[in-house]
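The values are calculated or read from the model by the stated rules, or taken from the named source; none is laboratory data. Predicted, not measured: the structure shown is a model, and the values here were computed from it. Quick reminder, even Gly has a Cβ in these numbers, built from the backbone with ideal geometry, and neighbours come from all protein chains shown. With ligands, DNA and RNA removed, areas are computed over all heavy atoms of the protein, side chains included. Shrake-Rupley method; radii C 1.70, N 1.55, O 1.52, S 1.80 Å.
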Amino acid sequence: MTASFFGGIHPRDQKALARDHAITPFPPPAQVVIPMVQHIGAACTPLVAKGDHVDIGQPVGDGQGLCAPVHASVSGTVKAVEARPHPNGTTVLSVVIENDFQNTLWREIQPRRTLNGLSREALVDIIRQAGIVGMGGAAFPTHVKLTSAMGKVDTLIINAAECEPYITADERLIVEHPRRVLRGAVVLMQILDLPMVTVAMEDNKPNAANALLEVMADYPSVCLKLLKTRYPQGAEKQLIQTITGRQVPPGGLPAQVGCAVFNAATCAAVGDAVWDGMPLVQRVVTVSGDIAMEPRNLLVPLGTSFSDMVDAAGFRQNPYKVLSGGPMMGLAQFDLSAPVIKGVNAVTILGDKNRYFAKTPHCIRCGRCIQVCPMHLMPLKLYSAERRNDLAALAEFHVTDCIECGCCAYTCPGCLPLVHSIRTGKQKVKS
């Protein structure tokens, strides 16, 4: 069954800038910064100290509860364990590693020839030890998501929609390495004890679709569904509604309607961990933007700085802003020494023509923000409640259900900072 979701928009996707550029390994930098927070949940505790030697894939941080370990992405010497800038705008305790350029793998990384004899719990533990999180941006620990979904879901969806403008990281991953994605998807299917898995992809990615179709004969339990291009098709709840017709209730989780959704890059990381024994130490990052001189897709060691990413693409004029992520949901970076972490799928470099802020933003009561909100919210009401610090109204209008997709701000002729205000409102309600 293919349905649809309410609202949404059709921004120019700008994917042509980078989609035909093959994934290129980024030269490991002289120094990487590994934050102890690269996921939703509790921060890791450092497992190493200044002066220690580490190898690629060696754990350098771990914790209890809702936590995913972090690993060294280069081999070398720990130069510091200290607070460093983070892409979320804060400073976070981080392990700083000086690269020795020997590319030495940690001794415990060993590939597997078979999964026979491995229970579901053992597979989940492998995924946890590899530090895998949602790589579409949410960064929720994958092992926790799997554990909570066991016995509760009848539908497994691989999210290859990648609806955000400019970003082509998952598209290139599927074009070049479809088997890596599908072998990970099959592992997830095995853990959840499901007979089928659906790969959901927007129809503006014909090369990626063809790459999957060419290998799907070897994966009879995998089916591909092409969806009409529409933002935010790749949002978890909207994707579930499109594929199954089911609606996740306000404040609810996908498992409540029998679904589990995992990003395509997450699937590839699961396959790498289970079959190759390789923890999550690198990822594909799209570096693009309207002023980028050489947009590209790079295979980047985690901990590489944003400034290195920007330099790799170059720019025609001084950037107005550099985003972690795409132009709709990305976070503007105030310090480009912040490192690429597990949830960063793109670095977007934007010029002055993207400066949309008005000195005196004013609502004209057009209702466009309500028409396009995929969560059936009233962004204007949330904006007004946050401005007057009305926490009761923020809760009444379900501020925490906002997925911060940016559709409301994109369509607002009055240039109201709707998403920023709603994010602030969320923090006020939570605190």
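For this structure, a couple of remarks:
- Fraction of the pair-distance distribution of region 145-227 above 19 Å, Cα-Cα pairs, percent: 36 percent
- Whole-percent carbon and sulfur share, accessible surface of region 271-332, 1.4 Å: 49 percent
- Peptide packing: for 302-313, 59-70, the average count of neighbouring Cβ atoms within 10 Å per residue gives the ranking 302-313, 59-70, highest mean first.
- Calculated diffusion of region 86-219, Stokes-Einstein form, Kirkwood radius summed over Cα pairs, 10 °C and 1.306 mPa s, µm²/s: 91 µm²/s
- DSSP beta bridges confined to the chain are antiparallel in about 65 percent of cases.
- Within the assembled protein chains, the solvent-accessible surface assigned to residue 6 is about 80 Å², based on a 1.4 Å probe.
- Which of 231, 219 is most accessible, then next, and so on - probe 1.4 Å: 219, 231
- Per the Kirkwood formula applied to alpha carbons, region 1-52 shows a radius of gyration over Rh ratio, Rg over Rh, of 1.19.
- Taking a straight Cα-Cα cut-off under 25 Å and skipping sequence neighbours fewer than 8 places away in the same chain, the lysines within cross-link reach of residue 321 are 15, 342, 353, 359, 426.
- In the context of the full protein assembly, residue 320 retains an accessible surface of approximately 50 Å², using a probe radius of 1.4 Å and ignoring ligands and nucleic acids.
- Rounded Å value of the spacing that divides the Cα centres of region 56-113 and region 312-388: 30 Å
- The local environment of residue 376, defined by Cβ-Cβ distances under 13 Å, has a net charge of +1 under the rule Lys, Arg +1 and Asp, Glu -1.
- Diffusion coefficient of region 30-97 by Stokes-Einstein, Kirkwood radius over Cα pairs, 10 °C, 1.306 mPa s: 135 µm²/s.
- Other residues with beta-carbon under 15 Å from the beta-carbon of residue 328 carry, at +1 per Lys or Arg and -1 per Asp or Glu, a net charge of -1.
- With K and R counted +1 and D and E -1, the other residues having a Cβ less than 14 Å from that of residue 48 yield a net charge of -3.
- Cubic angstrom per residue, convex hull over Cα atoms of the chain: 138 Å³
- Residues of region 245-285 with amide N under 11 Å of a point placed 7 Å along Cα→Cβ from residue 112: 271-278
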